Amino acid sequence: MTTLRNLRHVAAAALLLTVLATPAASSATPAKAPVSHLSVRPVDIIEPPLPVEEFPGQVKEACKIWQELTWPQSSRPTDYPVADTRLVIRGSNVYRNRSGDLPTQGHYREYDVNPRNPGQHRDAERVVRDQNTHTVWYTGDHYDNFQEISSGCE
């Protein structure tokens with residue numbers, strides 16, 4: 001299945017090959033690359049890291065839920081019941097960081113931000129936690145952008 005992220009990478013590579021194949025690429029004067037809405041690296045790290053209180057309220061609530069569940073590390077995707085509700089929240093999936101958007105030495109797990117009714121589809125918001133350093137990153141757009149949570153979500 002081709003994803004939008006894969007299409008971006010293919011389009012960016014094709015653009016780069018086109019630029020390199022033009023006569024200007026081999027001249028002594030460097031040519032300016034055409035401006036494109038596509039990026040070779042579609043993911044952005046939003047700076048600076050912020051405390052959890054600076055994120056949308058549901059992020060702080062999710063951090064609290066996952067801290068109470070002691071950041072589980074299941075071998076498969078798992079829905080966990082949210083205390084005092086009929087809702088569930090999915091977490092503990094391995095996040096492989098294939099595109100190297102987060103520090104490459106990390107060992108990551110992903111956790112949903114928003115609880116949902118059982119059987120309901122998950123949304124795009126996640127927190128991703130490094131199992132070793134306990135650094136937590138927030139993505140509100142399903143891994144297109146990340147911002148580090150500097151405190152309050154360990």
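The values are calculated or read from the model by the stated rules, or taken from the named source; none is laboratory data. Since the model is a prediction, treat every value here as computed from it, not as a measurement. Ideal geometry is used to build each Cβ from the backbone, glycine not excepted, and the neighbour counts take in all protein chains shown.
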Name the single residue, out of those in segment 75-98 being loosely packed, with under 13 Cβ neighbours inside 10 Å and small (Gly, Ala, Ser), that is farthest from residue 132 (Cα to Cα).
-> 83
Residue set 148, 53, 154; condition in contact with a Phe, Trp or Tyr (Cβ under 6 Å, 6 or more places away or on another chain) and in contact (Cβ under 8 Å) with a residue 24 or more places away in the chain; output residue 148
Positions within segment 113-145 being crowded, with 16+ Cβ neighbours inside 10 Å and without any contact (Cβ under 8 Å) to a residue 12 or more places away in the chain, in sequence order = none
Residue ID - surrounded by the most Cβ atoms within 10 Å (Cβ to Cβ), chosen from residues in segment 45-69 that are among the hydrophobic types (A, V, I, L, M, F, W, C) and assigned to a helix (DSSP H, G or I) | 62
Please give the strands (runs of 3 or more DSSP E) falling wholly within segment 76-145 in which 1 or more residues are of a type in the set (Asp, Glu) and assigned by TED's automatic domain parsing to the domain that holds residue 57.
-> 78-81, 108-112, 126-130
